[in-house]
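**Q** Quick one: this structure, given as structure tokens, is what I'll be asking you about.
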Amino acid sequence: MAALEEKVAYLKGLCEGMEIDTEKGEGKLLAKIIEVLGEITEEFACLIEDYEELQAQVDEIDEDLGYVEEDLYGDDEEDGCDCGCCDFDCEDITCPNCGEEIFLDGDVLDLDDDRFVCPACGHEIELECDCFTDEFDEDEE
């Protein structure tokens, strides 16, 4: 940005140094062009300042959103529950009887039992641990 300001200042000084009559004809035109270039440079400097401020805010929002995503979705590298006893993902499982993908939520799970019924085929599926019921008990509080 400084280079642009220096170039406009150089043109202004060059015009003055050449003793161009800025009250008549082409000299007046040149003086006005240099004046407009100076105003454009000032506006451009304001735009750059605004852009840098907005960029800093966007970076802050992006960082905050990352924290929210981490809180909502957890670590992407985790598969299964934290206890290590499950061989399946703690949110989606496949019914061993019909192969239907089942999203585990409070509607599917009986929070007082470690088993549930597949909504597709009616097959009773027993959970290996209580990770699911603990998770949904916390969500309801």
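**Q** Which order do Met18, Met1 take by accessible area at a 1.4 Å probe, largest first?
**A** Highest to lowest solvent-accessible surface, that is Met18, Met1.
**Q** Can you send over the solvent-accessible area of Tyr67, 1.4 Å probe, protein chains only, in Å² to the nearest 10?
**A** For Tyr67, the solvent-accessible surface is approximately 130 Å².
**Q** Also, I was wondering about something else. Roll a 1.4 angstrom probe over the protein heavy atoms and tell me the percent of accessible area of the stretch 1-79 that is carbon or sulfur.
**A** 55
The values are calculated or read from the model by the stated rules, or taken from the named source; none is laboratory data. Remember, it's a predicted structure, so these values are computed and weren't measured experimentally. Ligands, DNA and RNA are excluded from the accessible area calculation, which covers all protein heavy atoms including side chains. Shrake-Rupley method; radii C 1.70, N 1.55, O 1.52, S 1.80 Å.
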